[in-house]
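The values are calculated or read from the model by the stated rules, or taken from the named source; none is laboratory data. Source: prediction; values computed, not measured. So basically every Cβ, Gly included, is an ideal-geometry build from the backbone, and we count neighbours across all protein chains shown. The accessibility values were calculated without ligands, DNA or RNA, using every heavy atom of the protein model including side chains. Shrake-Rupley method; radii C 1.70, N 1.55, O 1.52, S 1.80 Å.
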Amino acid sequence: MTTPVRFTYGDTDASRRGKNLLAHLSITLHHGTHAVTVPGLLDTGSTVNVLPYNVGVQLGMVWDQQPTRVHLTGNLARLPARGVIITGQVALFPLVELAFAWTQSTEVPVILGQVNFFMEFDVCFFGSQAAFEINPKHKAN
Amino acid sequence: MSLTELFPAIKMLPRADKLRLMQFLVIDLAQEEGVPLLTADAEYPIWTPLQAFEAADTLLQMLKTHEVEK
């Protein structure tokens, strides 16, 4: 068993400092020889992980080389998306493979959702303390 | 004009105008307080893909295939 790592909520809007705290998690994404560290929004309401277009490009991915089409919902439904698998690392935990819906939107944050971020990590929110703790899932022997 | 003088006139208003008056007052007070309001002609992004079950199934299948190919 690993020890959970605690993070505090972060500001998303510098002009509203302290008024717009959200559970953002710093995560390093790896694809091939590329790596980028980004704030990921822990979004338990999101069915899937979402990767904005520009972050995918930073990871060296080429849109036309991603054959798997993914249909998103809500505001993202009007834009095409592709399924991609990326390696992610949180804190000093082991690397995990994360499937993302790579959208053409550059406005959306990196969203960490049910498939498959919350399948790989156990997260406990302490909303009143504006903090959360995270731990890799327990793997049965 | 005082509020006491206004009341009879307000009472005479049709229902729709009373509702408009309420809406006007709520917006006016919110603007004075600096509360941001939603407007009908603006688009507000909600990025969370709720209930994107088809996308979830696709991604889970990709992960399974990836696991087998490793």
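Could you order B:Leu59, B:Leu50 by accessible surface area, starting with the largest, using a probe radius of 1.4 Å?
Details: B:Leu59 0, B:Leu50 100 Å².
Per-residue accessible area, sorted high to low, gives B:Leu50, B:Leu59.
Taking every lysine pair in the protein assembly as shown that is 8 or more places apart or spans two chains, those with Cα atoms closer than 30 Å amount to 4. Computed on chain A, with alpha-carbon pairs under 8 angstrom and 6+ residues apart, the relative contact order is 30 percent.
Taking the inverse of the average 1/r across all pairs of different Cα atoms in chain B, what Kirkwood radius in Å do you get?
On the way: mean 1/r = 0.0567 Å⁻¹.
Taking every pair of different Cα atoms in chain B, averaging 1/r and inverting gives 17.6 Å.
Taking amide H positions as modeled 1.01 Å from N, with prolines and chain starts lacking one, the residues under 5 Å from A:Ser105 and 5 or more places away or on another chain are A:Tyr53. Scalar couplings 3J(HN,Hα) for segment A:120-132, obtained by applying the Karplus form with A = 6.51, B = -1.76, C = 1.60 to θ = phi - 60°, are 9, 10, 9, 10, 10, 8, 10, x, 5, 9, 6, 8, 8 Hz; x denotes Gly and Pro.
Sequentially through segment A:83-91, phi angles give Karplus couplings (6.51, -1.76, 1.60; θ = phi - 60°) of x, 9, 10, 10, 8, x, 10, 10, 6 Hz, Gly and Pro residues having no value and appearing as x.
Think of chain B as having a plus end and a minus end, set by charges on the Cβ of Lys, Arg, Asp and Glu; of B:Ala56, B:Ala30, B:Ala9, B:Ala9 sits farthest toward the positive end of this dipole.
Extension gain, A:Glu107 to A:Ser128: 0.36 nm times the residue separation minus the Cα-Cα distance gives 4.7 nm.
Considering all alpha-carbon pairs of chain A, what whole percent are spaced by more than 21 angstrom? That fraction is 43 percent. For helix B:53-69, what angle does its Cα long axis make with the longest principal axis of chain B, in degrees from 0 to 90 and rounded to 10? Once rounded, the angle reads 20 degrees. The alpha carbon centroids of segment A:59-89 and segment B:1-15 are separated by 58 Å.
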